[in-house]
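**Q** Let me begin by handing over the structure; questions about it come next.
The values are calculated or read from the model by the stated rules, or taken from the named source; none is laboratory data. Remember, it's a predicted structure, so these values are computed and weren't measured experimentally. FYI the Cβ positions are ideal-geometry reconstructions off the backbone, even for glycines, and counts take in every protein chain you see. The accessibility values were calculated without ligands, DNA or RNA, using every heavy atom of the protein model including side chains. Shrake-Rupley method; radii C 1.70, N 1.55, O 1.52, S 1.80 Å.
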Amino acid sequence: YAVFYFTDGIAVFHGRELGRIAGESTAQHRIPPTIFVGIDNGGSTRESKEPGSDRANEYLPFPDEFLEPPVPNPQGRLFPSFFEREVRPLIEKRYRTNGEIGIAGSSYGGLIALYSVLQNPKEYKWLLLESPSLYVGQDALLKLAAAQKAWPGRVYVGAGTDEGDGDSKREMVDDVHRLMHAIEGRTTACLVIAPGAQHNEDAWRARLPFALGFLLGGKKCPPAI
């Protein structure tokens with residue numbers, strides 16, 4: 001089976017209900033049978049005293065200049081190595097996998113998913129990004145993406161028009177358009193801008209069936225959700 005990895009594992013299987021949505025999509029023949037893996041972060045553990053900072057420390061490859069309290073030296077640059085050397089070997093040893101993989105994430109989780117793909121693009125067949133925090137590091141990943149020639153076979157990007165306050169609403173939409181401009185023509189890509197959708201689990205869960213259908217099932221990109 002192909003394997004699709006999601007960052008923020010607990011949130012994905014609870015708030016985003018990945019298990020239910022994937023099961024329904026498979027039963028309806030919208031996607032083929034696939035192994036879904038949720039990768040937790042340090043903020044999800046019982047030992048974490050600062051969940052927000054611990055999550056940011058693992059998922060930020062560059063400092064977020066707007067984060068309070070700040071994490072001046074985040075360790076997100078180590079995530080691709082952790083994924084390739086620890087997570088993938090564990091899954092591929094225990095389950096019947098075929099070598100095809102995808103990675104997904106939202107917000108900071110989307111940022112680190114994109115960063116991982118930019119480091120090792122040929123390793124991934126699919127990339128799913130929801131409301132990625134592309135402003136981090138003064139648009140560092142957008143600049144890297146603009147120079148990237150190799151991409152996964154299919155890329156889905158989703159965002160809402162009501163994410164954040166004031167100028168940040170426009171910034172989210174502008175940033176995903178900039179990312180899509182870097183991707184278009186280099187792979188099969190889908191951008192969904194959901195009118196009125198906010199930066200939360202409800203919005204990401206609502207778009208997830210369409211994202212999986214596009215990526216895994218070869219469905220058409222929906223114009224809006």
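**Q** Give the residues of region 14-28 that are within 23 Å of THR97 (Cβ to Cβ) and in contact (Cβ under 8 Å) with a residue 60 or more places away in the chain, sorted by residue number.
**A** Step one: filter region 14-28 for residues within 23 Å of THR97 (Cβ to Cβ), giving 16, 18-27.
Of everything in region 14-28, those that are within 23 Å of THR97 (Cβ to Cβ) and in contact (Cβ under 8 Å) with a residue 60 or more places away in the chain turn out to be ARG16, LEU18, ILE21, ALA22, GLU24, SER25.
**Q** Right, here's the next one. Restricting to region 135-174, count the residues that are of a type outside the set (A, V, I, L, M) and closer than 16 Å to TYR115 by Cβ. If you could, list the steps in order and put the result at the bottom.
**A** Going residue by residue through region 135-174, those that are of a type outside the set (A, V, I, L, M) are 135, 137-139, 143, 148-149, 151-154, 156, 158, 160-171, 174.
Checking which are closer than 16 Å to TYR115 by Cβ leaves us with 135, 137-139, 143, 148, 151-152.
Residues that pass the stated criteria total 8.
**Q** Taking only region 175-187 into account, find how many residues are open to solvent by 10 Å² or more (accessible area, probe 1.4 Å) and either β-branched (Val, Ile, Thr) or farther than 20 Å from LEU118 by Cα (or both).
**A** The qualifying residues number 1.
**Q** Let me ask something additional. Six or more apart or on different chains, Cβ under 8 Å: which pairs go from a residue in region 165-187 that's under 27 Å from GLY153 (Cα atoms) to one that's open to solvent by 100 Å² or more (accessible area, probe 1.4 Å) and of a type in the set (Lys, Arg)? Could you list them?
**A** Once the first residue is under 27 Å from GLY153 (Cα atoms) and sits in region 165-187, its partners that are open to solvent by 100 Å² or more (accessible area, probe 1.4 Å) and of a type in the set (Lys, Arg) give ARG186/LYS149.
**Q** Just one of (1) free of Cβ contacts under 8 Å to residues at least 24 places away in the same chain; (2) open to solvent by 40 Å² or more (accessible area, probe 1.4 Å) trips up ARG96, so point out which.
**A** Status for ARG96: all satisfied but (1).
**Q** Looking at region 14-43, which of the residues that are surrounded by 18 or more Cβ atoms within 10 Å (Cβ to Cβ) and at pLDDT below 95 is farthest from LYS125 (Cα to Cα)?
**A** GLY43
**Q** Also, quick follow-up: What do you reckon, is GLU163 among the acidic types (Asp, Glu) and under 30 Å from PRO72 (Cβ atoms)?
**A** Values: among the acidic types (Asp, Glu): yes; under 30 Å from PRO72 (Cβ atoms): yes.
So GLU163 passes the test.
**Q** Taking region 160-197 on its own, how many of its residues are in contact with a His (Cβ under 9 Å, 6 or more places away or on another chain) and within 19 Å of LEU127 (Cα to Cα)?
**A** Qualifying residue count for the region: 4.
**Q** Across region 1-13, which residue is farthest from ASN98 (Cα to Cα) among those that are assigned to a helix (DSSP H, G or I) and open to solvent by less than 70 Å² (accessible area, probe 1.4 Å)? Can you show your working first?
**A** First, the residues of region 1-13 that are assigned to a helix (DSSP H, G or I): 9-13.
Subset that is open to solvent by less than 70 Å² (accessible area, probe 1.4 Å): 9, 11-12.
Values: GLY9: 22, ALA11: 26, VAL12: 23 Å.
Of everything passing the filter in region 1-13, ALA11 is farthest from ASN98 (Cα to Cα).
**Q** Test each condition in (1) crowded, with 18+ Cβ neighbours inside 10 Å; (2) over 17 Å from the mean Cα position of the chain (by Cα) for PRO51 and report the one that comes out false.
**A** PRO51 satisfies every listed condition except (1).
**Q** Select, from ALA197, ALA159, the only residue that is in contact with a Gly (Cβ under 7 Å, 6 or more places away or on another chain), among the aliphatic types (A, V, I, L, M) and not in a helix (DSSP H, G or I). Lay out the reasoning, then the answer.
**A** Numbers: ALA159 fails: in contact with a Gly (Cβ under 7 Å, 6 or more places away or on another chain).
Of the residues listed, the single one that is in contact with a Gly (Cβ under 7 Å, 6 or more places away or on another chain), among the aliphatic types (A, V, I, L, M) and not in a helix (DSSP H, G or I) is ALA197.
**Q** Of the residues that sit in region 79-93 and are among the hydrophobic types (A, V, I, L, M, F, W, C) and free of Cβ contacts under 8 Å to residues at least 40 places away in the same chain, which one is surrounded by the fewest Cβ atoms within 10 Å (Cβ to Cβ)? Steps first, answer last, please.
**A** Quick first cut of region 79-93, residues among the hydrophobic types (A, V, I, L, M, F, W, C) only: 79, 82-83, 87, 90-91.
Restricting the remaining residues to those that are free of Cβ contacts under 8 Å to residues at least 40 places away in the same chain gives 79, 82, 90.
Working: PHE79: 23, PHE82: 15, LEU90: 11.
Out of the qualifying residues, it is LEU90.
**Q** Does VAL117 qualify as being open to solvent by less than 70 Å² (accessible area, probe 1.4 Å), touching a residue at least 12 places away in the same chain (Cβ under 8 Å) and out of contact with any Phe, Trp or Tyr (no Cβ under 9 Å at 6 or more places or on another chain)? Don't jump to the end; show me each part of the working.
**A** Numbers: open to solvent by less than 70 Å² (accessible area, probe 1.4 Å): yes; touching a residue at least 12 places away in the same chain (Cβ under 8 Å): yes; out of contact with any Phe, Trp or Tyr (no Cβ under 9 Å at 6 or more places or on another chain): no.
For VAL117, the condition - open to solvent by less than 70 Å² (accessible area, probe 1.4 Å), touching a residue at least 12 places away in the same chain (Cβ under 8 Å) and out of contact with any Phe, Trp or Tyr (no Cβ under 9 Å at 6 or more places or on another chain) - is not met.
**Q** Of the residues that sit in region 156-172 and are open to solvent by less than 10 Å² (accessible area, probe 1.4 Å) and under 17 Å from PRO223 (Cβ atoms), which one is farthest from the chain's Cα centre (by Cα)?
**A** Going residue by residue through region 156-172, those that are open to solvent by less than 10 Å² (accessible area, probe 1.4 Å) are 156-160, 163.
If we keep only those that are under 17 Å from PRO223 (Cβ atoms) as well, we get 156-160.
Numbers: TYR156: 9, VAL157: 8, GLY158: 10, ALA159: 12, GLY160: 15 Å.
This residue is GLY160.
**Q** Shifting gears a bit: Can GLY196 be described as touching an Asp or Glu at 6+ places or on another chain (Cβ under 6 Å), at positive phi and surrounded by fewer than 18 Cβ atoms within 10 Å (Cβ to Cβ)? Break it down into steps so the answer makes sense when it comes.
**A** Details: touching an Asp or Glu at 6+ places or on another chain (Cβ under 6 Å): yes; at positive phi: yes; surrounded by fewer than 18 Cβ atoms within 10 Å (Cβ to Cβ): yes.
When the stated conditions are applied, GLY196 passes them.
**Q** Moving on. In this structure, is GLU100 among the acidic types (Asp, Glu) and at pLDDT below 95? I'd like the intermediate steps shown before the answer.
**A** Values: among the acidic types (Asp, Glu): yes; at pLDDT below 95: no.
It is false that GLU100 is among the acidic types (Asp, Glu) and at pLDDT below 95.
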